[in-house]
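Please read the structure below before turning to the comments.
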Amino acid sequence: MTNRPDLPPEIARRRTFAIISHPDAGKTTLTEKFLLYGGAIQMAGQVRAKGEARRTRSDFMKMEQERGISVSASAMSFDFDGYRFNLVDTPGHSDFSEDTYRTLTAVDAAIMVIDGAKGVESQTRKLFEVCRLRDLPILTFCNKMDRESRDTFEIIDEIQENLAIDVAPASWPIGVGRDFIGCYDMLHDRLELMDRADRNKVAESVKMQGLDDPRLAEHVPAGLLDKLRDEVGMARELLPAFDRQSFLEGHMTPIWFGSAINSFGVQELMKGISAYGPPPQPQNAAERQIAPEENPVTGFVFKVQANMDPKHRDRVAFVRLASGHFERGMKLTHVRSKKPMAVTNPVLFLAADRELAEEAWAGDIIGIPNHGQLRIGDALTEGEALRFTGIPSFAPELLQSVRATDPMKAKHLEKALMQFAEEGAAKVFKPMIGSGFIVGVVGALQFEVLASRIEIEYGIPVRFESSQFTSARWVAGPRDKVEAFVNVNKGHIAQDHDGDMVYLTRLQWDIDRVQRDHPDLRLTATKEMM
Ligand code: G4P
């Protein structure tokens with residue numbers, strides 16, 4: 001992760017990031033405030049009425065049917081302070097974590113939102129680990145300071161210890177809960193005061209000459225002021241100062257304190273992303289590394305959303321541009337099929353509206369409507385045969401067999417399942433012995449969502465039933481060894497939608513045994529999608 005002073009200005013001003021958090025920490029509220037300050041919406045409350053966490057299954061279905069909303073929320077672009085922000089949404093529900101992991105391959109940085117009273121929660125930790133695998137720089141926003149929160153040092157200690165990352169305070173909260181009045185901006189020696197009366201108003205900012213500035217007393221009650229001076233003094237002594245290089249390398253996270261619902265601290269965080277966040281970074285392909293400033297346009301698909309309009313079988317492939325300056329109508333090569341593809345109607349997602357993307361630059365996310373040619377992991381280039389690496393496919397944690405309640409529809413079911421597999425919504429395995437399919441997902445809710453989508457989008461009522469298998473592992477190794485293994489284990493072998501061999505079992509013991517008896521083979525829980 002580097003800062004590249006030599007990037008063309010259009011690329012250098014782009015900031016492509018995701019927000020990671022545990023459900024309920026305030027991601028939706030923060031997103032909304034971003035869009036508000038980015039001028040993308042007029043009033044908070046327009047994006048979605050409710051956070052992902054409390055969405056019931058039926059809410060989710062409705063949202064799926066009204067795909068417009070969830071699609072525009074998948075990637076949002078807006079301008080702030082001369083910067084172009086591309087915010088890529090990560091579904092908050094733990095059932096959709098695989099999608100989230102893939103989303104994180106398309107961003108250059110992440111904002112970690114934590115609840116000031118709860119600290120680092122389980123989902124935050126999981127997502128943080130994924131960011132760490134990719135050395136993504138992380139900015140931290142400690143939310144809900146208007147409520148009773150933990151002691152500031154305690155929160156910082158917890159992040160440092162739990163996530164093994166240095167934490168540098170960018171701001172320091174003054175008071176807590178009902179007494180919370182704002183923050184001292186430690187990077188600019190400013191006082192930021194919260195206006196509780198108007199939730200959509202930008203905080204008042206007062207420039208200070210350090211902590212001894214007598215004007216501090218005009219704004220901060222005496223008791224809080226003494227505490228602030230003590231704490232900031234201690235923080236400056238005990239905690240590391242913000243170091244941009246260390247942040248860009250993923251070793252340090254700056255933390256801002258605030259209250260998203262009161263719009264407090266949000267602008268400071270946005271300015272932090274602009275000033276310190278990374279511009280579009282080089283992307284890795286199997287062949288070489290692609291630098292964003294290279295002239296030829298390249299990009300990769302990290303997400304596919306199918307059947308956005310059930311009447312038309314269209315899909316939108318979300319493409320992260322890795323290099324170049326894209327213009328509408330360009331002919332790109334779809335590397336997997338080696339076929340040219342004229343990109344005539346790409347879309348950019350500006351909050352609630354889809355707009356035709358006349359142009360886009362490295363770092364941007366564009367949506368390309370297509371009829372199923374574009375799959376997760378696919379590369380688009382101006383001719384070069386590239387395979388982008390690092391987009392993982394995870395072994396599902398739950399397996400069920402599925403059949404159409406009407407046996408006449410079995411053939412159609414296969415088609416529907418393959419489409420969902422390509423979309424990345426589920427893993428679909430066709431066992432070598434017997435008919436039928438086994439579907440694998442990461443979270444139980446996905447079975448219900450799938451059943452409903454297969455019925456709504458394809459008109460096929462289906463039943464999911466428990467499967468005799470509980471684990472799936474891809475079989476990798478020299479071709480002859482894989483074939484020999486497959487031949488004697490047919491009862492345990494299935495093919496995924498790409499035709500790759502998968503070993504199915506009930507027992508971890510089986511997996512260990514295969515590994516022991518077949519040292520040439522690897523049973524893997526992830527496979528890279530290419
Ligand atoms: P999520 O997307 O991370 O799941 O969180 P979301 O923004 O939906 O926020 C979860 C709850 O926390 C919501 O309350 C939201 O209003 C509240 N919240 C967000 N930011 C703050 C903050 O800075 N301070 C306080 N006090 N609360 C905050 P809810 O009661 O579940 O929903 P609602 O009835 O308020 O909409």
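Some notes on this structure:
- Distance between modelled label sites at A410 and N162, nm, 7 Å Cα→Cβ extension: 5.0 nm
- Partners for K207 among aspartates and glutamates (Cα-Cα distance below 12 Å; same-chain residues under 8 apart left out): D185, D189, E192
- Full extension of the segment from K126 to D517, taken as 0.36 nm per residue of separation minus the current Cα-Cα distance, would add 137.5 nm.
- Lysines whose Cα lies under 18 Å from that of K331, excluding same-chain neighbours fewer than 8 positions away: K339
- Once the chain from R196 to E448 is taken as fully extended at 0.36 nm per residue, the excess over their C-alpha distance is 86.5 nm.
- According to the calculation over all Cα-Cα pairs in segment 416-530, the P(r) per 10 Å bin from zero is 12, 45, 31, 11, 1 %.
- Extension gain for R134 to R236 (0.36 nm times residue separation, less C-alpha to C-alpha distance): 33.8 nm.
- 10 Å-binned pair-distance histogram of the chain (Cα, whole percent): 4, 18, 26, 25, 16, 8, 3, 1, 0
- Within segment 411-451, backbone nitrogen closer than 17 Å to the virtual label 7 Å beyond the Cα of R463 toward Cβ: 411, 413, 435-439, 448, 451
- Cross-link check: pairs K338/K490; K338/K527; K271/K303 evaluated at a Cα-Cα cut-off of 25 Å; pairs beyond the cut-off: K338/K490; K271/K303.
- Cα-based reach from K409 at 17 Å (exclusive), listing lysines while leaving out same-chain residues under 8 positions away: K430
- Working from label points 7 Å from Cα in the Cα-to-Cβ sense, the N345 to E327 distance is 2.2 nm.
- Modelled label reach - M418, point 7 Å along Cα→Cβ, segment 480-507 residues with backbone N closer than 11 Å: 497-499
Quick note: the coordinates plus some simple rules give every number you see, no bench work behind them. Treat the numbers as computed from the prediction; the structure is a model and nothing was measured. All Cβ positions, glycine included, derive from the backbone under ideal geometry; neighbour counts span all protein chains shown.
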